Amino acid sequence: MYNKQFKYPDTKAFEFVTTTLKQKGVDLRELAKDAYDLQKEFIPALTVDECYAALVDVLHKRELLNNAMVALELDRLAEAGEIREPLLSIIRNDAGVFGVDEALALQISNIYGTIGATNFGYLDRVKSGIIKQYDTDEQHVNTFIDDLLGAIVAAVCGKIAHHYA
Ligand code: MG
């Protein structure tokens, strides 16, 4: 199956991720606002627009897009029942000892170094803002998306912090 010639355009990955986030009801402005709320105490001059611009920027990173596609697709497949057991039940029930959802997300926040990683850890514990509504939804499989959103917000925080450093 290995094909040295194969290439995929980042724009396709970007469309996959942004379209799926939209279908799941994620408002990118809200994510930018979550990042703003986390960073404003350190950067008083910061604006939500700046956070939104940083968000659009991180959403174009290939390392982020790769993990985001896998995360979003696993939630979708689990919701559709298209994964074999025991993995299906593990993902559907968001089993606490699974940890692959956090691992995929942590890799995204790590792109932005320690600030990205520590903000992700913080968001994983407090589940603030938009992340909370996905963490507590009992109708849909959101095992991967909540961590993904936390990682995206953390990445935005990291990018902004590095910019102002
Ligand atoms: Mg999770």
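Any read-out appearing in this document is the output of simple, stated calculations on the displayed coordinates, not a laboratory observation. What you see is a predicted model; the values in this text were computed from it and never measured. Quick reminder, even Gly has a Cβ in these numbers, built from the backbone with ideal geometry, and neighbours come from all protein chains shown.
How about region 122-165: which of its residues are small (G, A, S) and within 17 Å of N67 (Cβ to Cβ)?
Answer for region 122-165, where residues must be small (G, A, S) and within 17 Å of N67 (Cβ to Cβ): G150, A151, A154, A155, G158.
Considering only helices (runs of 4 or more DSSP H) fully contained in region 72-165, which possess at least 1 residues that are without any contact (Cβ under 8 Å) to a residue 12 or more places away in the chain, out of contact with any Lys or Arg (no Cβ under 7 Å at 6 or more places or on another chain) and closer than 18 Å to L31 by Cβ?
Helices (runs of 4 or more DSSP H) meeting the threshold: 113-126, 129-135.
Pull up region 87-123, narrow it to residues that are closer than 11 Å to I152 by Cα, more than 15 Å from the ligand (Cβ to nearest atom) and of a type outside the set (G, A, S), then point me to the one that is surrounded by the fewest Cβ atoms within 10 Å (Cβ to Cβ).
N110
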